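A.B. asks: Okay, here's the structure, questions in a sec.
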Amino acid sequence: MPTDSFLLEGWAAVGDSLVVCSLLVCCRYQAAVDAKKSRESKGAASFGTKGPRQGGHFKQDRNVWLSLIGKLRKDDRLPVVAFTLSRKRCDENASGLTTIDMTTTTQKSEITVFFNKSVARLKGTDKELPQVRKLKELLVRGIGVHHSGILPIMKEVIEMLFQRGLVKLLFATETFAMGVNMPARTVVFDSIRKHDGSALRNLLPGEYIQMAGRAGRRGLDTTGTVILLCKGDVPETSELHQMMLGRPTKLESKFRLTYSMILNLLRVEQLRVEDMMKRSFAELDLQRDAQQAASQRQELEQKIRDFQESVFPMCDDIEKYYQVASELNDLKHSLRLKIMNSANAAKVLSTGRIVVINNKEHKNALAVVLQLSTSRGRLASMSETSKTYSVLVLCEGKPNTSTSVERTTSGKSEAVPSTPAVLTGRTPLFHPEGPSGHMVVDVKPIEISVISCHSLRVNATHIIDDYRKRQQPRFRDDLPGREASIATQELLRLVEANPDGLEAVDPVKELNIRDIDFVEKFRRTQFLEQSLDTFQCVHSPHFIEAFEQTRTKQKMLESLNRLKFLLSDESLQLLPEYRDRVQVLKRLGFVDANTNVQLKGRVACEINNHELLVTELVFENILSHMHPTEIVALLSCFVFQQKHTSEPNLTDTLEKGKRLVIDLASRLAGVQMECGLQISVEEFVGELHFGLVEAVYEWARGMPFAEITNLTDVQEGIIVRCIQRLDEVCRDVRNAARLVGDPVLYEKMDQGSSLIKRDIVFAASLYTQ
Amino acid sequence: RDFKRMEVEDVDVDGEICVGLPRKRQVVVLEHSLHVVTPGDVITTDTGFMRGHGTYVEGETIKASVAGVVERVNKLICVRPVRTRYTGEIGDVVVGRIIEVGQRRWKVDTFSRLDSVLMLSSINLPGGILRRRSAEDELMMRSYFKEGDLISAEVQSVFSDVSLSLHTRSLKYGKLSQGCLVTVAPALVKRRKTHFHNLPCGASLILGNNGYIWIGPLAAEEQPITDASNEEMMETEMVTSHRDHEVIARLRNCVLALADQKLPLYDTTILYTYDASIGHSARDLVKPEVIEEITSHARQL
């Protein structure tokens, strides 16, 4: 069904365009913004107020609705579903429209008859509930309200009347869009922002389309109309574009490991939990590549088997040497990262500090730091590479030729270096063969291999400016500036004085990096460096070839291990969490050391939500002493989900029970934290909401529903749903009691269940009649 | 329950029967003291506890209603009886005997208080086809399992009257033949991760949680059996060699020896006992002194 979208600003609809054609939306959008501006300036002139109008002003709201409905009626665009994304606003909007009456007399009588017939099934005072009375009055005028706070039976009445076309204007929350076959001719968005539990955000494309798609009834209308009310500011085009035509939310796996799933799988022999995790959508990519990985693995294994190994004399310990060398290489890399990221290193690496540079172009070349620049380029996302140092490097007199030579030789910069001299950095410093030259380059911190204790006095800005000048073609043949040549000479002098390298800054003592991990690594590096010379193979004349061969082989073995890991259960994302959870179950005695499910575990299998906590409640014998009414009241904390409610007024036993439940919950959270799960006590206890304990208690004791609504500010529909779900919990606990063999608790749960199952809460659905 | 005996005698190697006299039992000293009770014993007078299976409340005290071992889980007290019928739990492996073919279901004896039920819809049809069971299937039921057949199955669910619903929807469950059934007290079968064992001595073992233990020959290089006729053929034509018979008989006597000593039954104890029994002939294994000897290793576990 094609849909027209409008932006409604203030009093008049100012746009009409097809959703598909975003261009049109844009130009209409401009019109809306202009209209808004002109009106605002008018407003400023007459009242002297400026700035954006506060959305949600009650009276203004009502006027917007009144005019909108008037216009829609005139255009014959009823019925309308007005998506109002908060329950409170739904009610406010509906009750504000006291003057509107959209039904004819025959329709009025039809509605009244149907309504009375439906309500007749309710008992006594339930017929006179304030919500029922109010809704009747609204419905007669053709207005409906539909959200989770409405009593289930009233919701059904409204849905049925809506389908018969008797409700002309329906204020609904998002839930209404999720139902089946409830289309209208027009859909109005009261706001395109909603609160999703954590923050106020714009609607997602999927949500918008779901709701907007309600516009237009097959067989009745040719097009549907969608109107967005812009009560505050007109939303940005980009926002609208994103909302209407944006990419749908990416599908992602919501597979959660729950204790009850783990227990249920542990007790059957057929299926392992690992298999279950493997079949989850989250593991799709991995499983899809599994076949490829398996064939790769076979290939690699074949390659390794076929690998020709020639034996070199004196090279028996080459493999061990390789292990040490690669460990050393990794250690050095991580140490260097750490040093460069430390605060003191930044201080030490100030202008004039002499360093040794080791990168693709410069091998072991001495350099002097000129300045630190923090780049904001594409590298900025990686924190450690965002800093670069401008340095003056000592190099061959004719840089052009030398760099090209260097490039070809430095192909394998990532590979593990071979000889001990390279590993320990004891190679001789770069010494230019011909006349010495210099370059100013930017290097990443990681390319600085040694920070020496020496420093020079240089004028950084002069050198840089001078160098830049000489980069331009017309100054190319100029002589280097005085500052630069002095620095170069000085560097050369240092190289000649210390051909085997400069004394480095001690990272532990002088840079004051004292974190235990670092010191540990530093010591290990020193130890490994010393051990290098003890190897026999380094003295072999065939050392380089032997090392090359070992390197190739080790590389293959490494990738084989990686593939093996990918193909095993170990690579499952959820495996660590699974292990932690099994640990929790073991600690609490739900399963034994061999993960055989114990009695507690079997009880937990019977329970559908908060399985750990409810099971512990049963086994700690907290419930048995209480009266059935108190038990059901207390259990309501597991099903009630609203965070903010009026404070319930509890009796002593209930207060005590509540404390016990909270104690137990914090204990369980503690155990789970100790086993390594990401749970905090507050979070775990915060899942329990005691807001409805009093209401449920009184309900179980037989108080009429009309009085229950006075006990709490929770809306009627939510109370009803909570009590309905509570019955399921009662059944779970009853089954648990049967399993443990406690007839007293069983009896009490049965009683509790029958006490809450009465009147309006468990009234039969109209649909099933 | 005549079926059982028949099968047991089938494999008895040369028909000679050794009748041992009841002898004085050894007093076994346990390292960790168990709380053993007989019916009517007071377990606790503390009112903070909750009563579980095998107990009853009289006045302020919780008393035992069966003879057995007291178990405590948090505040729950229950008594695990020594000798009892099998109480099923979901996921248990059981061995049972078909005793009745009914409307879309088989009645199965699993040594529980009520007969268990195997629904037509919870078996694997021959060929592994997944479909709704039709009226023809209903008529064919006797060709799948008939009265007297032994089956291995898993407990699928427990009805509210504690009778069990079984299923055989895996290739490892199904009809059992060419072997020997041993019945022991259900409490003796230890709950493990797996109850199907292919023992290195050349026999397969199914330790039903219900105390029915099946010992059969090793499945010969098994290709999945897909055809009903094929299965039928295999059943009748497969000949178990004399050697296999002897292994099975020996295993049977080992299991009975362990049960006689009230030792837990699982793969390790059975294998230990089997290894210890090699020095004796299979029929000597029912002699009390031999029983003592061959189970000594398992007792130390």
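A.B. asks: Here is a list of conditions, (1) within 30 Å of A:LYS134 (Cβ to Cβ); (2) modelled with pLDDT under 85; (3) open to solvent by 20 Å² or more (accessible area, probe 1.4 Å), and A:VAL714 meets all of them except one; can you say which number that is?
C.D. replies: Condition (3) is where A:VAL714 drops out.
A.B. asks: I'd like to check something: does the range B:214-225 contain any residue that is at pLDDT 90 or above, within 14 Å of another protein chain (Cβ to nearest Cβ) and assigned to a strand (DSSP E or B)? Lay out the reasoning, then the answer.
C.D. replies: First, pick out the residues of the range B:214-225 that are at pLDDT 90 or above: B:214-215.
After this cut, where a residue has to be within 14 Å of another protein chain (Cβ to nearest Cβ) as well, the list is none.
The answer is no; no qualifying residue exists.
A.B. asks: Restricting to the range A:715-765, name every residue that is on the phi < 0 side of the Ramachandran plot, touching an Asp or Glu at 6+ places or on another chain (Cβ under 7 Å) and of a type outside the set (Val, Ile, Thr).
C.D. replies: Answer for the range A:715-765, where residues must be on the phi < 0 side of the Ramachandran plot, touching an Asp or Glu at 6+ places or on another chain (Cβ under 7 Å) and of a type outside the set (Val, Ile, Thr): A:ASP732, A:ARG734, A:ASN735, A:ALA736, A:LEU739, A:SER753, A:LYS757, A:SER765.
A.B. asks: Now for a separate question. Go through (1) at pLDDT below 80; (2) within 30 Å of A:PHE590 (Cβ to Cβ); (3) more than 30 Å from the chain's Cα centre (by Cα) and name the single condition A:GLN287 misses.
C.D. replies: (3)
A.B. asks: Just checking, which of B:SER122, B:SER143 is touching a residue at least 40 places away in the same chain (Cβ under 8 Å), within 14 Å of chain A (Cβ to nearest Cβ) and among the small types (Gly, Ala, Ser)?
C.D. replies: Of the residues listed, the single one that is touching a residue at least 40 places away in the same chain (Cβ under 8 Å), within 14 Å of chain A (Cβ to nearest Cβ) and among the small types (Gly, Ala, Ser) is B:SER122.
A.B. asks: Looking at the range B:81-91, is at least one residue among the β-branched types (Val, Ile, Thr), on the phi > 0 side of the Ramachandran plot, open to solvent by 50 Å² or more (accessible area, probe 1.4 Å) and out of contact with any Cys (no Cβ under 9 Å at 6 or more places or on another chain)?
C.D. replies: Looking for residues that are among the β-branched types (Val, Ile, Thr), on the phi > 0 side of the Ramachandran plot, open to solvent by 50 Å² or more (accessible area, probe 1.4 Å) and out of contact with any Cys (no Cβ under 9 Å at 6 or more places or on another chain), one finds none in the range B:81-91, hence no.
A.B. asks: Report yes if some residue within the range A:626-633 is open to solvent by 10 Å² or more (accessible area, probe 1.4 Å), more than 36 Å from the chain's Cα centre (by Cα), of a type outside the set (D, E, K, R) and within 14 Å of chain B (Cβ to nearest Cβ); otherwise report no.
C.D. replies: Yes, the range A:626-633 has at least one match.
A.B. asks: Go through the range B:291-301 and count every residue that is in a helix (DSSP H, G or I) and either open to solvent by 10 Å² or more (accessible area, probe 1.4 Å) or at pLDDT 90 or above (or both).
C.D. replies: Counting residues in the range B:291-301 that are in a helix (DSSP H, G or I) and either open to solvent by 10 Å² or more (accessible area, probe 1.4 Å) or at pLDDT 90 or above (or both) gives 6.
A.B. asks: Exactly one of (1) in contact (Cβ under 8 Å) with a residue 24 or more places away in the chain; (2) within 14 Å of another protein chain (Cβ to nearest Cβ) is unmet by A:ASN621. Its number?
C.D. replies: The one condition A:ASN621 does not meet is (1).
A.B. asks: Please identify the pairs in which a residue from the range B:67-88 that is closer than 24 Å to B:GLN156 by Cα and among the small types (Gly, Ala, Ser) has its Cβ atom under 8 Å from the Cβ atom of a residue that is assigned to a loop (DSSP other than H, G, I, E, B) and open to solvent by less than 40 Å² (accessible area, probe 1.4 Å), counting only partners at least 6 apart or on another chain.
C.D. replies: Short answer, once both residue conditions are applied: B:GLY88/B:THR110; B:GLY88/B:ASN209; B:GLY88/B:ASN210.
A.B. asks: Here is a follow-up. Going by the structure shown, is A:LEU612 within 14 Å of A:VAL685 (Cα to Cα) and crowded, with 22+ Cβ neighbours inside 10 Å?
C.D. replies: In short, yes.
A.B. asks: Going by the structure shown, is A:GLN678 part of a loop (DSSP other than H, G, I, E, B) and among the polar types (S, T, N, Q)?
C.D. replies: yes
A.B. asks: Using the structure shown, decide if A:VAL187 is of a type in the set (Val, Ile, Thr), crowded, with 23+ Cβ neighbours inside 10 Å and not in a loop (DSSP other than H, G, I, E, B).
C.D. replies: yes
A.B. asks: Here are the criteria: (1) away from every other protein chain (no Cβ under 14 Å); (2) touching a strand residue (DSSP E or B) at 6+ places or on another chain (Cβ under 6 Å). Tell me which single one B:LEU166 does not satisfy.
C.D. replies: Of the numbered conditions (1) away from every other protein chain (no Cβ under 14 Å); (2) touching a strand residue (DSSP E or B) at 6+ places or on another chain (Cβ under 6 Å), the odd one out for B:LEU166 is (1).
A.B. asks: Would you check which residues across the range A:573-584 are away from chain B (no Cβ under 14 Å) and either in a helix (DSSP H, G or I) or without any contact (Cβ under 8 Å) to a residue 24 or more places away in the chain (or both) and list them?
C.D. replies: Selection gives A:LEU575, A:PRO576, A:GLU577, A:TYR578, A:ARG579, A:ASP580, A:ARG581, A:GLN583, A:VAL584.
A.B. asks: Which of the residues belonging to the range B:57-70 are within 19 Å of A:ILE622 (Cα to Cα) and not aliphatic (A, V, I, L, M)?
C.D. replies: Across the range B:57-70, the qualifying residues are B:GLU60, B:THR61.
A.B. asks: May I pose another question? Spot the failing condition for A:VAL597; the list is (1) touching a strand residue (DSSP E or B) at 6+ places or on another chain (Cβ under 6 Å); (2) away from chain B (no Cβ under 14 Å); (3) hydrophobic (A, V, I, L, M, F, W, C), and only one is missed.
C.D. replies: With (1) touching a strand residue (DSSP E or B) at 6+ places or on another chain (Cβ under 6 Å); (2) away from chain B (no Cβ under 14 Å); (3) hydrophobic (A, V, I, L, M, F, W, C) applied to A:VAL597, the lone miss is (2).
A.B. asks: What are the pairs with Cβ atoms under 7 angstrom where one residue, in the range A:47-76, is farther than 19 Å from A:PHE189 by Cβ and of a type in the set (Val, Ile, Thr) and the other, located anywhere, is modelled with pLDDT under 80 and surrounded by 13 or more Cβ atoms within 10 Å (Cβ to Cβ)? Sequence gap at least six, or different chains.
C.D. replies: Taking only residues 6 or more apart or on different chains, the pairs are A:THR49/A:GLY43.
A.B. asks: Scan the range A:721-746 residue by residue and report those that are open to solvent by 40 Å² or more (accessible area, probe 1.4 Å), within 14 Å of chain B (Cβ to nearest Cβ) and of a type in the set (D, E, K, R). Show your work before the answer.
C.D. replies: Of the residues in the range A:721-746, the ones open to solvent by 40 Å² or more (accessible area, probe 1.4 Å) are A:721, A:724-725, A:728, A:731, A:734, A:738-739, A:743-744, A:746.
Keeping just the survivors that are within 14 Å of chain B (Cβ to nearest Cβ) gives A:731, A:734, A:738-739, A:743-744, A:746.
Selection gives A:ARG731, A:ARG734, A:ARG738.
A.B. asks: Pairs only if they're at least six apart or on different chains, beta carbon under 6 angstrom, first in the range A:265-290 and free of Cβ contacts under 8 Å to residues at least 60 places away in the same chain, second open to solvent by less than 70 Å² (accessible area, probe 1.4 Å) and assigned to a loop (DSSP other than H, G, I, E, B); list them, first residue then second.
C.D. replies: The qualifying pairs are A:LEU265/A:LEU271; A:VAL268/B:GLY91; A:GLN270/B:SER170; A:PHE281/A:SER253.
A.B. asks: Among the residues of the range A:116-129, is there at least one that is on the phi > 0 side of the Ramachandran plot and open to solvent by 30 Å² or more (accessible area, probe 1.4 Å)?
C.D. replies: Checked against the condition, which is being on the phi > 0 side of the Ramachandran plot and open to solvent by 30 Å² or more (accessible area, probe 1.4 Å), the range A:116-129 yields at least one hit.
A.B. asks: Considering (1) within 14 Å of chain A (Cβ to nearest Cβ); (2) open to solvent by 10 Å² or more (accessible area, probe 1.4 Å); (3) in contact (Cβ under 8 Å) with a residue 24 or more places away in the chain, say which one B:ALA153 fails and leave the rest.
C.D. replies: (2)
A.B. asks: Ok, one more. Looking at the range A:221-269 only, could you name the residues that are more than 30 Å from B:ARG169 (Cα to Cα), touching a Leu at 6+ places or on another chain (Cβ under 7 Å) and open to solvent by less than 60 Å² (accessible area, probe 1.4 Å)?
C.D. replies: Correct list: A:ILE227, A:LEU228, A:LEU229, A:CYS230, A:VAL234, A:MET243.
A.B. asks: Now for a different question. Residues that are within 28 Å of A:GLU606 (Cβ to Cβ) and outside any loop (DSSP other than H, G, I, E, B): does the range B:123-138 have at least one?
C.D. replies: Among the residues of the range B:123-138, at least one is within 28 Å of A:GLU606 (Cβ to Cβ) and outside any loop (DSSP other than H, G, I, E, B), which makes the answer yes.
A.B. asks: Go through the range B:54-87 and report how many residues are within 11 Å of another protein chain (Cβ to nearest Cβ) and over 17 Å from A:HIS625 (Cα atoms).
C.D. replies: Here the count works out to 10.
A.B. asks: For B:ILE43, which of the numbered conditions (1) of a type outside the set (Lys, Arg); (2) over 25 Å from B:VAL162 (Cα atoms); (3) within 14 Å of chain A (Cβ to nearest Cβ); (4) surrounded by fewer than 18 Cβ atoms within 10 Å (Cβ to Cβ) fails to hold?
C.D. replies: The failed condition is (4).
A.B. asks: Only one of A:ARG272, A:ARG193 is over 21 Å from the mean Cα position of the chain (by Cα) and open to solvent by 80 Å² or more (accessible area, probe 1.4 Å); which?
C.D. replies: Going through A:ARG272, A:ARG193 in turn, the sole match is A:ARG272.
The values are calculated or read from the model by the stated rules, or taken from the named source; none is laboratory data. Given the structure is predicted, the values throughout are model-derived calculations rather than measurements. All Cβ positions, glycine included, derive from the backbone under ideal geometry; neighbour counts span all protein chains shown. Quick note on the areas: whole protein, heavy atoms, side chains included, nothing else; ligands and nucleic acids left out. Shrake-Rupley method; radii C 1.70, N 1.55, O 1.52, S 1.80 Å.
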